[in-house]
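Shown next, in structure tokens, is the structure this report addresses.
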Amino acid sequence: MSTWQAETAERNRRSLARLCKALPAIFPPAVLARALNRPFIAPTPRLAIDSYWRAHPLRADLLSRALAARSDAPKGWTWQLGSNRKHGLPITFRTPPAPYRERAYKRGPGFCCVCGQPVYRFGWHVDLWNAGANKNATWHCACVIAWEFWIAPSSQARLLRRLQARRCGQTGGRLWKDAEVDHRVPLFRVWSDHRDVPWPKLLDFWGLPNLQVVNRDAHVTKSVLEARDRRVTRSLNE
Ligand SMILES: [Zn+2]
């Protein structure tokens, strides 16, 4: 055994001991199974859950939108932009609308600021432990990953390519190395034409339903057409 292997084995032994000590009697089995099969074992239940969602961003995207559907938009809320950070309004239409992040509609500790649902132990979305909401948490672990995916879907380009069987979403041709992640309905158009779609349905524009991988040349053509449409829309509104 090399020194590196010996060190890894020792590190894993210590992590496993820590994990077992901290592990409650009830723990999501899929998370535990994954944690124990990793080359590096997560030393705490919380890190095991984080790592699980990090490995399954599309599952996190789906779950976060499903949780948001349980909350619905707060009464009187509309999607608005703002430059005053204190109000928690997004500065640009590129940021997914999240009413429960806004100061006026915050649900406070124990509730997720993305989906508005209660957060339980270890940032989990179900109260497996009958312990009630976790007052130290304002995000579900899954919603953190979903949020990261929504604001930077390009970071999951490999996963999305695989999902499309490596075919261009625009032309159906083979995806090249330089292919890019694209919003089918561009976000500026979501803001200009679909702003009144009820939340959380709006979130679908940031999630998987509105994402595709397209070859660079197809993307450039699409972007040029979009920019032209945008200019036309602007001049019509002026
Ligand atoms: Zn959440």
Subject >> Residue among A146, A157, A142, A104 that is over 21 Å from L23 (Cβ atoms) and in contact with a Ser or Thr (Cβ under 7 Å, 6 or more places away or on another chain) >> reply: A146
Original post:
Inside region 203-216, can you point out the residues that are part of a helix (DSSP H, G or I) and buried (at least 20 other Cβ atoms within 10 Å of the Cβ)?
Top reply: L203, F205
Original post:
For region 120-132, how many residues are out of contact with any helix residue (DSSP H, G or I) (no Cβ under 8 Å at 6 or more places or on another chain) and open to solvent by 40 Å² or more (accessible area, probe 1.4 Å)?
Top reply: 4
Original post:
Among the residues of region 40-49, which ones are surrounded by 19 or more Cβ atoms within 10 Å (Cβ to Cβ), over 13 Å from A17 (Cα atoms) and in contact (Cβ under 8 Å) with a residue 40 or more places away in the chain?
Top reply: I49
**OP:** Being more than 14 Å from the ligand (Cβ to nearest atom), of a type in the set (A, V, I, L, M) and part of a loop (DSSP other than H, G, I, E, B) is the filter here, so list the residues in region 75-124 that pass it.
**Re:** L81, L89, I91
Subject >> Members of region 69-97 that are open to solvent by less than 80 Å² (accessible area, probe 1.4 Å) and in contact with a Cys (Cβ under 8 Å, 6 or more places away or on another chain) >> reply: S71
Original post:
Which number in (1) open to solvent by 70 Å² or more (accessible area, probe 1.4 Å); (2) away from the ligand (no atom under 14 Å from the Cβ); (3) of a type outside the set (K, R) marks the one condition that Q156 misses?
Top reply: (1)
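C168: open to solvent by less than 30 Å² (accessible area, probe 1.4 Å) and within 30 Å of A25 (Cα to Cα), yes or no? Spell out how you get there, then give the answer.
Working: open to solvent by less than 30 Å² (accessible area, probe 1.4 Å): yes; within 30 Å of A25 (Cα to Cα): no.
Here the answer is no, as C168 does not meet what is asked.
The values are calculated or read from the model by the stated rules, or taken from the named source; none is laboratory data. Keep in mind that what you see is a predicted model, and the values were worked out from it rather than measured. No Cβ is skipped: glycine too gets one built from the backbone with ideal geometry, and neighbour counts run over all protein chains shown. Calculation scope for accessible area: heavy atoms of the full protein, side chains included, ligands and nucleic acids excluded. Shrake-Rupley method; radii C 1.70, N 1.55, O 1.52, S 1.80 Å.
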